[in-house]
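Just below is one structure, and these are the notes that go with it.
Every number in this text was worked out from the coordinates using simple rules, so none of it is lab data. Every value quoted in this text rests on a predicted model; they were computed, and no experiment measured them. For neighbour counting, all protein chains shown are included, and Cβ atoms are generated from backbone atoms with ideal geometry for every residue, glycine included.
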Amino acid sequence: MTTVICALYGLLAGSFLTVVVDRVPRGASVVSPGSACGNCGLRLGPLDLVPVFSWLALRGRCRKCHTSIGIEPLVLELSTALLFGLTAWHFGLSWRTPAFCVLMAGLVGLSWIDLHTKRLPREITYWTAGLGAPLLVVAALVGHEPKRIWMMLLGAGISLTVMTLIYWVSRGGMGDGDVRLAPLLGMFLGFLNPGFALVGLFFGFLTGALAGIFLLVLRRGGRRTTVPFGPFMALGTVLAIYFGQRYIDLILVR
């Protein structure tokens, strides 16, 4: 039941993210004005904003001018719902679940924007940290594990140190948005295990490298394409949350 409820909240969060990913890169408010059709200006009512179902009912088009609104809302809503559901399934009914759901929403928004604009807006990074950190602290205290508070700080420090060193060595090859994102990811991973911070970065670089190789093969040596690293940092973090301990155990056994 917890998984289903969190997935439903994920649909709502994903619906809000459609506004965030559109307005934050433009420096516009995510609160006002209300959502409207970008073509005819029709103000969207409650029935137009029901996640997934309104898109399906309208067949992805504006109710008034019938202009396509794209598949973006559907992808954002379903992906956020999936991640919220997986988070609830992994952590169960605990304070960890809302904390990590905040992270998942932030990662979806940041990844989408980075893929489309090659930017990681600091506003989303800071808001995710500002909402997530107190929830992690509550989870640590309610669970009678105050040690996880310093584990959070250690994980953030590890990720920030590694990414800062890479930023200096790469001489501009790594964006400063990636460096700002690193302590946020390390904080959440450190809460679970400070070693997960390194595992998350490893998974991020591994998946990023595989994607880069795939693009090179696909283009067959053609013009180089710059691939934003933020989505792979996010993917590496998600993988570390669910599989980090198994990976560490595998390494230690060997």
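On full extension, the segment bounded by ARG219 and LEU8 gains 72.0 nm, given 0.36 nm per residue less the C-alpha separation.
Label-to-label distance, LYS147 versus SER170, with points set 7 angstrom from Cα along the beta-carbon direction: 3.4 nm. Proximity of backbone amide H atoms, modeled 1.01 Å from N, is registered between VAL50 and no other residue at under 5 Å, excluding neighbours fewer than 5 places apart on the same chain. Amide H to amide H, with H built 1.01 Å from N, ARG61 comes under 5 Å of ILE69, counting only residues 5 or more places away or on other chains. The slack between LEU56 and TYR242, meaning 0.36 nm per residue of separation minus the straight C-alpha distance, is 63.8 nm.
Only helices enter this figure: runs of n ≥ 4 DSSP H residues, each worth -39500 (n - 2.57), summed and divided by the residues of the chain, yield -24500 deg cm²/dmol at 222 nm to the nearest 500. For the chain, the calculated P(r), taken from all Cα-Cα distances in 10 Å bins from zero up to the bin holding the longest distance, is 7, 28, 33, 22, 9, 1, 0 percent.
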